[in-house]
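Heads up, the thing below is written out as structure tokens.
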Amino acid sequence: MQWEELVTDGHVNAAKMRAARPFILGFGLLIFLFGGALFGEYGRFDPASISLNKNEQQIDTRRKSIDRVFASIKLPKLDDTAKAKMAPAYELPVIAEAILSSLNENGKLPDTLPITELSKAEFWQFDSDVGKIQLLGVGKLKLIAARVTDEQRQRRYNVRVPAEERLWIGLFRKGKDGKWQAYSLSGRINGKGLLSVEGTDRLNPARYPVTFEKLIPKALLKPSKKQKEG
């Protein structure tokens, strides 16, 4: 049997392809190098020149809105009678722990604490009885606020000056695992930094605008005419 009888059309085509392979690979390599040169020339960009996409712009706007709300809050002034009702700041860790434990045990706030539940508008006015703890509940979120004195600092350093008023805003959130976690909001209200309570994690509300929009009245989230002009 001669070798020609064993060679089919498929073998012939395969042989032709093998013969042409070096030329195809060379041509492909040339295109690759040429394309790389073009990208090197025109493909460079300045990251700073890229504008935020629509979603990022919306999130940035929401963050600024939350910051604006906290910056614009003015706490009502208290008379001597109201000041006498304020609890000392050193009690806050005990209060936060009691709230967290009760929520994790039975999903309810402790009956032993003087807590008053308010609407969104009432909560952010901070005009309720300072002898009670403010509560705003929305779904799996509970916002707690307490106006207290910095008596702890006065006792520690034996400073002979009137105790100053401080504000704590705590957030209690139920996670997907069913457990509640406690946070202390950061930021400044009325020119003073918010208190951070031992046993709670620090949380910047502007980093979670979608969550805090549920807790703040829409009227406060909208910038005033003066703020728009500014």
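The values are calculated or read from the model by the stated rules, or taken from the named source; none is laboratory data. Given the structure is predicted, the values throughout are model-derived calculations rather than measurements. Cβ sites come from the backbone with ideal geometry, for glycine too, and all protein chains shown count toward neighbours. Remember, those area values only see protein heavy atoms, side chains included, never the ligands or the DNA or RNA. Shrake-Rupley method; radii C 1.70, N 1.55, O 1.52, S 1.80 Å.
Within the accessible area of the stretch 171-212, what % is carbon and sulfur when the probe is 1.4 Å and the other protein chains stay in place? Solvent-exposed carbon and sulfur of the stretch 171-212 make up 42 percent of the total. Accessible surface area normalised per residue over the stretch 65-106 is 56 Å², counting heavy atoms of protein chains with a 1.4 Å rolling probe.
Once you have the alpha carbon radius of gyration of the stretch 52-102, what is it after dividing by 2.2 N^0.38 Å, with N set to its residue count? Provide the component values of the computation, followed by the final result.
Working: Rg = 18.7 Å, N = 51, 2.2 N^0.38 = 9.8 Å.
This ratio for the stretch 52-102 stands at 1.90.
Can you tell me which of 102-109, 132-139 comes out highest on packing, and rank the rest after it, using the mean Cβ neighbours within 10 Å?
Working: 102-109: 13.5, 132-139: 17.2.
Most protected by this proxy first, the peptides run 132-139, 102-109.
Pairs from the table (83/132; 64/214; 132/174; 174/214) lying more than 18 angstrom apart at Cα are 132/174.
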